[in-house]
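The values are calculated or read from the model by the stated rules, or taken from the named source; none is laboratory data. All values derive from a computational prediction rather than experimental measurement. Glycine gets a Cβ as well: all are built from the backbone with ideal geometry, and neighbour counts include every protein chain shown. Ligands, DNA and RNA are stripped out before the accessible areas are found, and what is left, the full protein with its side chains, is counted by its heavy atoms. Shrake-Rupley method; radii C 1.70, N 1.55, O 1.52, S 1.80 Å.
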Amino acid sequence: AWCVVLSSEDVVVGLLRSEALALEPDRRVDTAMIPGPGTVRPHLRIPELARLLDHDHLDRVLVTTADGVLIGVVHREDLRAS
């Protein structure tokens, strides 16, 4: 599991994996997160997104605006329901 780290403007800046919970309690998020995760834009067609997920061996991807503002998360299962 992971958590999306956002700036005060809702721009995606990183991902924080559940393993970070085992780190020292005073550790800052910005030192534990994975910076600059990959994202896709909302105009991407479903077949293209499915190919991207397959190619990168992903089960989910973040959807953002061109400015990096988080819109949502698409899970592989969501594509099968479409």
*Please name all residue pairs, on different chains or six or more residues apart, with Cβ atoms under 7 Å, provided the first residue is in the stretch 17-42 and is under 19 Å from S7 (Cβ atoms) and the second residue is of a type in the set (A, V, I, L, M) and part of a loop (DSSP other than H, G, I, E, B).*
A32/L23; R41/A66
*Do we have A1 as in contact (Cβ under 8 Å) with a residue 12 or more places away in the chain and of a type in the set (A, V, I, L, M) here?*
yes
_Residues being under 11 Å from the mean Cα position of the chain (by Cα) and crowded, with 16+ Cβ neighbours inside 10 Å - total across the stretch 14-38_ = 4
*Would you mention how many residues in the stretch 40-64 are open to solvent by 50 Å² or more (accessible area, probe 1.4 Å) and either on the phi > 0 side of the Ramachandran plot or of a type in the set (S, T, Y) (or both)?*
1
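Pick from the stretch 65-82 the residues that are in contact (Cβ under 8 Å) with a residue 40 or more places away in the chain and over 23 Å from A20 (Cα atoms): which of them is least open to solvent (accessible area, probe 1.4 Å)?
In the first step, residues of the stretch 65-82 are kept if they are in contact (Cβ under 8 Å) with a residue 40 or more places away in the chain; the result is 67-70, 73.
Next, only the ones that are over 23 Å from A20 (Cα atoms) stay: 67-69.
On the way: D67: 125, G68: 16, V69: 47 Å².
Per the criteria, the residue is G68.
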_Hits in the stretch 54-82 (condition: among the small types (G, A, S) and touching a strand residue (DSSP E or B) at 6+ places or on another chain (Cβ under 8 Å))_ = G68, G72
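Here's the yes/no breakdown for (1) out of contact with any Gly (no Cβ under 8 Å at 6 or more places or on another chain); (2) within 21 Å of E77 (Cα to Cα); (3) not aliphatic (A, V, I, L, M):
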residue	(1), (2), (3)
V12	no, no, no
E19	yes, no, yes
R28	yes, no, yes
A32	yes, no, no
G38	yes, yes, yes
P47	yes, yes, yes
